[in-house]
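This report refers to the structure that appears directly beneath it.
The values are calculated or read from the model by the stated rules, or taken from the named source; none is laboratory data. Remember, predicted model here, so these are calculated numbers, not experimental data. Cβ coordinates were reconstructed from backbone atoms using ideal geometry, including for glycine residues, and neighbour counts include every protein chain displayed. Accessible surface is based on the protein model in full, side chains and every heavy atom, while ligands, DNA and RNA are left aside. Shrake-Rupley method; radii C 1.70, N 1.55, O 1.52, S 1.80 Å.
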There are 2 protein chains.
Amino acid sequence: MSNPLKVEAPAGIPFIDWEREFDAPVEAVFRAHKDPDLIKQWLGPRRYEMDIDSYDFRTGGRYRYLHRADGEEYAFNGVFHVVRENEFAIQTFEFEGFPDVVSIESMTFEALDDGRSRVRGHSTYPSMEARDGMVESGMEGGMSEGYERLDEVLAEL
Amino acid sequence: MSNPLKVEAPAGIPFIDWEREFDAPVEAVFRAHKDPDLIKQWLGPRRYEMDIDSYDFRTGGRYRYLHRADGEEYAFNGVFHVVRENEFAIQTFEFEGFPDVVSIESMTFEALDDGRSRVRGHSTYPSMEARDGMVESGMEGGMSEGYERLDEVLAEL
């Protein structure tokens, strides 16, 4: 039985908050967010193939990746404002299908008892429309499926 | 008579929007935002001396600067998500006195008739408290004074 993803999109304010626990140590979960060879195994829904143009998960680094399925291609890019090992990251996020609509998201990596861990995220969007559009894109289902894939990656580390 | 700064901090949503016109071409205004030797002559209130650690105003670049006055020192840093010459920029912004509270701001540079230009900005904060704190810090007065200094820099270009 997998750990549930909790997602909240509060009314009237352009945030998305989420939380997910993992049956794996914080170091492993952080590594699966940092290492491009690992992240491409789990980020996003199963039906997408992920191609990484660049992925430099450190303070000041940049990233760009593509999700491909059924002949369609979706590109995403951003910069890492700060990355602290096994602890914290803030990055910008742009879906190139909506150019110049850029959100910022923080992620906290937290060690729990018994070798478990928790990730908490807070995304801030530049308009209510951008936040609502993200929610309506099926983002929660995609994240949930992605984190189930991450469970599988972590089980093999 | 200087062009007025319009600042709006709408109720209940963590944004700050602003707009300012300049009696100078958009290329000059953009250059005054890009060139570290120029930006240190105008960004912020007159009483501050500005020291630039790094300032790389291009897509993927970073910046860090300090404002000093009366023996006090205030440091700021961020990354540039995108910069398009004479047109547009998105950057992150962190006051190091409130670490990990990071906003994202877009700036649009627009040519007007008669060699004039307009800058429009939109800042998004990760909480209402962070937005309100920025407003209460006297940010509008500081921006207004900074843009008057920018008018002086532009007059000399």
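Quick one: pull the percent of accessible area on the stretch B:96-157 belonging to carbon and sulfur, 1.4 Å probe, ligands and nucleic acids left out.
Heavy-atom surface of the stretch B:96-157 belonging to carbon and sulfur, 1.4 Å probe: 48 percent.
Could you tell me the convex hull volume per residue, in Å³, taken over the Cα atoms of the stretch A:3-157?
106
Could you work out, for the protein assembly as shown, what percent of all Cα-Cα pairs fall into each 20 Å distance bin, beginning at 0 Å and stopping at the bin that holds the largest distance?
30, 54, 15, 0
Under a point spin-label approximation (7 Å from Cα along Cα-to-Cβ), what is the A:Glu73-A:Glu49 distance to one decimal in nm?
Placing both labels 7 Å beyond Cα along the Cβ direction yields 1.2 nm.
Using 0.36 nm times the number of residues separating B:Asp132 and B:Leu66, minus their current alpha carbon distance, what extension gain do you get?
21.5 nm
Per-residue Cβ counts within 10 Å, from other chains only, averaged over A:77-85: what number is that?
5
Counting each DSSP H run of 4 or more residues in chain B as -39500 (n - 2.57), what helix-only mean residue ellipticity at 222 nm follows after dividing by all residues, to the nearest 500 deg cm²/dmol?
Mean residue ellipticity at 222 nm (helix-derived): -7500 deg cm²/dmol.
Is there a simple number for the mean count of other chain Cβ atoms within 10 Å of the Cβ of residues in A:104-113, and what is it?
Shielding by partners across A:104-113 averages 2.
Considering only the label points, 7 Å along Cα→Cβ from Cα, what distances in nm to one decimal separate A:Arg149 from the same position in each other copy, shortest first?
So the distances to the same position in the other copies read 4.9 nm.
Return the distance in nm (one decimal) between the two label points of a simple spin-label model at A:Arg149 and B:Arg58, each offset 7 Å from Cα along Cα→Cβ.
3.4
Which entries in the list A:Lys34/B:Lys6; A:Lys6/A:Lys40; A:Lys34/B:Lys40; A:Lys6/A:Lys34 go over 31 Å, if you measure between the two C-alpha atoms of each?
A:Lys34/B:Lys6; A:Lys34/B:Lys40
Could you check the spin-label model distance between A:Lys40 and A:Phe98? Points 7 Å from the Cα along Cα→Cβ, value in nm.
Result for the modelled spin labels: 2.7 nm.
Highest first, please rank the peptides A:100-110, A:147-157 by the mean number of other Cβ atoms sitting within 10 Å of their residues.
Going from most to least packed, we get A:100-110, A:147-157.
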